[in-house]
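The values are calculated or read from the model by the stated rules, or taken from the named source; none is laboratory data. What you are looking at is a predicted structure, and each value in this text was computed from that prediction instead of being measured. A quick note on method: Cβ atoms are made from the backbone with ideal geometry, for glycine too, and the neighbour counts reach across all protein chains shown.
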Amino acid sequence: MKRCLQCDTEFDGACWRCPACGYEPETVSGMSVFAPELAYQNDTYDARSFARLAEIESGHFWFEARNRLLLWLVQKYFPNPETLFEVGCGTGFVLQHLSEHLPHTMFYGSDLLLEGLRFAAYRVPDATLFQMDARQIPYRNAFDMLGAFDVIEHIDEDEAVLDQMFQAIKPGGGIIISVPQHQFLWSIVDDMSYHKRRYSKDELTGKIERAGFQVLMTTSFVSLLLPFMVLSRRRKTASVKTGFDRRMEFKLGPLLNTSLSRVMDFERLLIRSGVSFRAGGSRLIVARRPVQTS
């Protein structure tokens, strides 16, 4: 069901005009815009970063490893979903990968910034894309699966977002969420990435359960590379005195990138075999909205 963000009426239909109050979101480049005041710049992300991301995601060990792990999680816990919605889809790199392997799924994607959706529309032309504030999702009981991959750490009101996700998922449907982990890893990279926090396992699990979800699985990832990550973050923090270029965060030589990719492939095999890592640069969690019984 669609949900009117003005009067909270739920309705079906091809268009977004509310049958109760007449509200209809504006349209930009064929996409509905539900939060126009935040669509071009805000304090959660820098719109200028999308062009850089679109250049480096393909082939970069971290983005590729996360994509492969996310696809496995979808296929294991929510096989063949009819509908899949990614909140904060950015340039569409994850949506593109999932759509190539899930041909019978209808894909939806949103972002707070229209600039990211420009790239996503090119990468996933068949997806339904729209601009929205994740604190106000215009759907109820609509999706089989919802993903938010390195998104909620950008939002102060993360629990409000999780509540909205719970309402947008069908009973029995589920979510997959990834976030940066461990506050001791906080560095200039987090500051310049507009992060509000890095999570602990208990913090993330607690917030997801309070939203009403049942946790099915959780693990750290980027775990085997954690010592490398700690050293890298310390060096970047020290570099603040001499100036820090965030673009260097993603610059890796081919040999190093290949080596890190192989480590991540081995880590994914361990996770698939049932290993749950306690520590790592990121935290993954899979959860389900319980089927409501009368």
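For first residues located in region 208-237 and at pLDDT below 90, partners that are not in a strand (DSSP E or B) and not hydroxyl-bearing (Ser, Thr, Tyr) and lie 6+ apart or on another chain with Cβ distances below 7 Å form the pairs Arg233/Leu185; Arg233/Val189; Lys236/Ile188; Lys236/Val189; Lys236/Phe244; Thr237/Ile188.
Check whether at least one residue in region 46-66 is of a type in the set (Gly, Ala, Ser) and either touching a Lys or Arg at 6+ places or on another chain (Cβ under 6 Å) or at positive phi (or both), and report yes or no. Yes, that holds for at least one residue.
Listed conditions (1) in contact with a Lys or Arg (Cβ under 9 Å, 6 or more places away or on another chain); (2) farther than 26 Å from Gln41 by Cβ; (3) aromatic (Phe, Trp, Tyr) are all met by Tyr139, apart from (2).
Please verify whether region 143-158 includes one or more residues that are touching a residue at least 40 places away in the same chain (Cβ under 8 Å), more than 21 Å from Leu73 (Cβ to Cβ) and either acidic (Asp, Glu) or touching a helix residue (DSSP H, G or I) at 6+ places or on another chain (Cβ under 9 Å) (or both). Yes, region 143-158 has at least one match.
Can Val28 be described as in contact (Cβ under 8 Å) with a residue 60 or more places away in the chain and within 17 Å of the chain's Cα centre (by Cα)? Spelling it out, it is not the case that Val28 is in contact (Cβ under 8 Å) with a residue 60 or more places away in the chain and within 17 Å of the chain's Cα centre (by Cα).
Candidates are the residues of region 63-110 that are in a helix (DSSP H, G or I) and hydroxyl-bearing (Ser, Thr, Tyr); the one that is nearest to Phe130 (Cα to Cα) is Ser99.
The set of residues in region 78-114 that are among the β-branched types (Val, Ile, Thr) and either surrounded by fewer than 21 Cβ atoms within 10 Å (Cβ to Cβ) or within 23 Å of Pro290 (Cβ to Cβ) (or both) comprises Thr83, Val87, Thr105. Name the single residue that is farthest from Asp158 (Cα to Cα) among those in region 125-136 being in a loop (DSSP other than H, G, I, E, B) and out of contact with any Ser or Thr (no Cβ under 8 Å at 6 or more places or on another chain). Ranking the candidates gives Pro125 first.
So in region 1-53, with the set limited to residues that are among the hydroxyl-bearing types (Ser, Thr, Tyr) and not in a loop (DSSP other than H, G, I, E, B), which one is farthest from Phe130 (Cα to Cα)? Top of the filtered list is Ser49. Annotation: Phe63 fulfils all but one of (1) more than 30 Å from Phe266 (Cβ to Cβ); (2) free of Cβ contacts under 8 Å to residues at least 60 places away in the same chain; (3) among the hydrophobic types (A, V, I, L, M, F, W, C); the unmet one is (1). Any chance you could count how many residues in region 194-222 are small (Gly, Ala, Ser), out of contact with any helix residue (DSSP H, G or I) (no Cβ under 6 Å at 6 or more places or on another chain) and either under 14 Å from Ala279 (Cβ atoms) or buried (at least 18 other Cβ atoms within 10 Å of the Cβ) (or both)? Looking only at that region, the number is 2.
Looking at region 114-123, is at least one residue of a type outside the set (Ser, Thr, Tyr), within 19 Å of Arg283 (Cα to Cα) and not in a loop (DSSP other than H, G, I, E, B)? No: zero hits.
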